[in-house]
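Values quoted throughout were computed directly from the atomic coordinates according to the rules given, and no laboratory measurement underlies them. What you see is a predicted model, and the numbers here were worked out from it, not measured in a lab. All Cβ positions, glycine included, derive from the backbone under ideal geometry; neighbour counts span all protein chains shown.
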Amino acid sequence: MSNAEIGVIGMGVMGSNLALNIAEKGFKVAVWNRNDKVMHDVIRHAGPLASNMIACETYEQLKAAIRPPRPIIILVKAGDPVDQVIGHLKSLLDAHDIIIDSGNANFRDTMRRFDGLKDSGLTFIGMGISGGEEGARHGPSIMVGGKESSWHRVEKVLTSISAKYKGAPCAAYMGPDGAGHFVKTIHNGIEYGDMQMISEVYGIMRDGLGMKAAEIAKVFGDWNKGRLNSYLIEITQKVLSVIDAKAKKPIVDVIVDRAGQKGTGKWAVIEAQTFGVNASAIEAAVDARLMSSLKAEREKAEKAYKIPRKKISPKSRAAFLRQLEGALYAGKIAAYAQGFAVLETASKEFEWNLPLGTIASIWREGCIIRSQFLGEITKAFNKSGGGNLLMAPAFTAMMKKDHLSLRAVVSASALAGAPAPALANALSYFDGYRQARGTANLIQAQRDFFGAHGFERIGEEGAFHGPWALGRG
Ligand code: 6PG
């Protein structure tokens with residue numbers, strides 16, 4: 001009986017929680033999993049939601065269970081597994097049915113898949129979902145790319161299951177083909193930047209000020225009551241407060257300082273460079289994860305250099321902590337300005353017409369970077385429609401005040417030998433962006449000296465070369 005509103009393939013953590021969320025919102029959802037037992041277990045543990053869940057042991061049963069045109073969400077490992085599932089569905093589904101990839105796919109793969117289905121009568125949605133397991137179950141932020149007509153077929157379900165910000169769904173149509181997955185990729189790049197800056201400020205408090213995890217947790221807890229209020233600050237306070245049962249000490253003090261990364265932050269940096277956009281703070285965050293992976297080398301290097309880390313001894317700790325808060329806020333502004341600059345440039349490149357204000361608005365709840373701060377960005381882009389965030393009046397005012405804190409903190413961390421690459425790049429980005437006369441004139445002279453690449457002269461049209469033969473002696 002084809003009365004399911006939507007189908008979900010893949011009953012892993014994300015797929016099962018998304019299916020439960022869909023069922024909870026009153027929709028019939030047809031589910032399939034490579035391992036039937038896993039699927040039946042999910043339904044067995046679903047309680048009253050099981051009545052809205054239709055177990056399908058074959059793709060044919062899945063197709064038969066969903067009302068046409070059939071939207072089917074794929075939540076399997078990104079990459080080849082997605083192509084394999086698409087291959088199976090392509091031969092089975094009818095015209096106008098919709099295949100939806102909701103994994104963390106590279107948007108260029110999504111564009112390829114979208115094009116690959118064009119002649120089949122089927123259509124394809126690349127859907128970014130943010131918020132992890134908790135988000136999938138209780139309300140993620142959802143970024144949809146594909147045909148707008150496909151969006152209208154799934155809009156009711158997605159806006160029902162998404163997170164809500166003051167009642168407004170955190171699910172929206174981003175634009176054609178790869179737009180949804182691209183927006184999710186940049187979300188993740190910003191997420192890396194946010195997490196890195198938080199870890200740098202944690203390092204300054206731990207190594208510079210000699211503060212213990214519990215003390216640092218309290219500082220983040222206080223900050224979470226103010227303008228830095230966000231999911232990442234909230235969980236930072238929580239993870240710093242947890243005592244490890246085995247070691248009987250803060251769990252953060254027994255975790256190895258080597259960060260993993262599944263690749264979305266790296267993709268964000270690659271695309272920033274591809275589009276010629278400076279995303280230096282985000283790039284510093286990805287590089288910091290790479291640096292963290294050199295654990296053995298770093299242990300050897302510390303022994304080889306034996307340079308003692310200097311303590312930071314501010315006249316007033318309270319005042320310095322206020323500077324740390326300001327530095328983190330100013331660093332966020334720079335990192336988000338970079339992320340949205342990448343979005344805006346890609347939007348022009350692909351003629352996606354990305355809704356920057358809408359993107360910020362659906363990130364206010366549900367996603368990993370959800371924060372009060374995104375409310376400010378939403379207002380700025382709803383007013384301006386685009387342009388660098390550093391030039392939005394509200395952010396100009398904030399940076400005029402908080403750059404001094406960022407400057408003080410970056411200086412203190414440099415003198416203390418406490419690495420702060422994302423904060424330092426945020427500061428350099430700000431200083432570079434507001435410098436009318438930089439130093440690239442010297443680079444132009446050098447390039448022309450050794451490569452005759454030419455340069456522009458102030459106030460004159462055309463390309464010029466220097467009299468370097470004279471300088472060659
Ligand atoms: C989200 C998260 C999530 C993230 C994974 C892996 O928006 O819910 O960004 O999609 O990609 O948790 O994160 P790493 O890239 O750090 O491995």
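Taken over the alpha carbons of the stretch 6-177 as equal point scatterers, the Debye sum produces base-10 log I(q)/I(0) values at 0.15 Å⁻¹ of -0.76.
Think of the stretch 77-177 as a dipole: +1 on every Lys or Arg Cβ, -1 on every Asp or Glu Cβ, centred on the Cα centre; then among Val82, Gly116, Ile100, Ile100 lies furthest on the positive end. Placing a pseudo-label 7 Å from each Cα along the Cα-to-Cβ vector at Glu133 and Ala64 gives an inter-label distance of 3.4 nm. Normalising the average separation of contacting C-alpha pairs (under 8 angstrom, six or more residues apart) by the number of residues puts the relative contact order of the stretch 200-245 at 35 percent.
Of the beta bridges in the chain, as assigned by DSSP with both residues counted there, near 30 percent are antiparallel.
Full extension of the segment from Leu92 to Ala463, taken as 0.36 nm per residue of separation minus the current Cα-Cα distance, would add 127.5 nm.
Placing pseudo-labels 7 Å out from each Cα toward the beta carbon at Ala214 and Lys295 gives an inter-label distance of 2.7 nm. Near Ile233: Cβ cut-off under 12 Å, other residues only, Lys/Arg at +1 and Asp/Glu at -1. The net charge is +1. Basic side chains Lys and Arg get +1 at the Cβ, acidic Asp and Glu get -1 at the Cβ, and with that the dipole of the chain about its Cα centre reaches some 1660 debye.
Look at the Cα gyration tensor of the stretch 45-143: its axes a ≥ b ≥ c give a/c of at least 1.5 with a/b at or below b/c, and that counts as oblate.
Summarised in one figure, the compactness ratio Rg/Rh of the chain, Cα atoms and Kirkwood Rh, is 1.03.
Listed by chain and number, the lysines whose alpha-carbon sits under 16 Å from that of Lys118, ignoring those within fewer than 8 places in the same chain, are Lys90, Lys147. Give me the Kirkwood hydrodynamic radius of the stretch 188-292 in Å, from all C-alpha pairs, to one decimal place? Averaging 1/r across every pair of different Cα atoms and inverting gives 14.9 Å. Rg and Dmax, both from the Cα atoms of the stretch 288-422 and both in Å, are 18.7, 54. Rg over Rh for the stretch 369-473 works out to 1.15, both radii taken from alpha-carbon positions and Rh defined as the Kirkwood radius. With both labels modelled 7 Å from their Cα along Cα-to-Cβ, the Arg258 to Ala304 distance reads 1.9 nm.
Footprinting exposure proxy ranking of Phe449, Phe430, fewest other C-beta atoms within 10 angstrom first, gives Phe449, Phe430.
Sorting Val269, Val256 by the number of Cβ atoms found within 10 Å of their own Cβ, with the fewest placed first, yields Val256, Val269. Each other residue within a Cβ distance under 10 Å of Pro421 adds +1 if Lys or Arg and -1 if Asp or Glu, for a net charge of -3. Pairs Lys212/Lys311; Lys238/Lys295; Lys332/Lys401: which exceed 18 Å Cα-Cα? Over 18 Å apart, Cα to Cα: Lys238/Lys295. With neighbour counts taken as other beta-carbon atoms within 10 Å, the residues Thr185, Thr58, Thr110 rank, fewest first, as Thr58, Thr110, Thr185.
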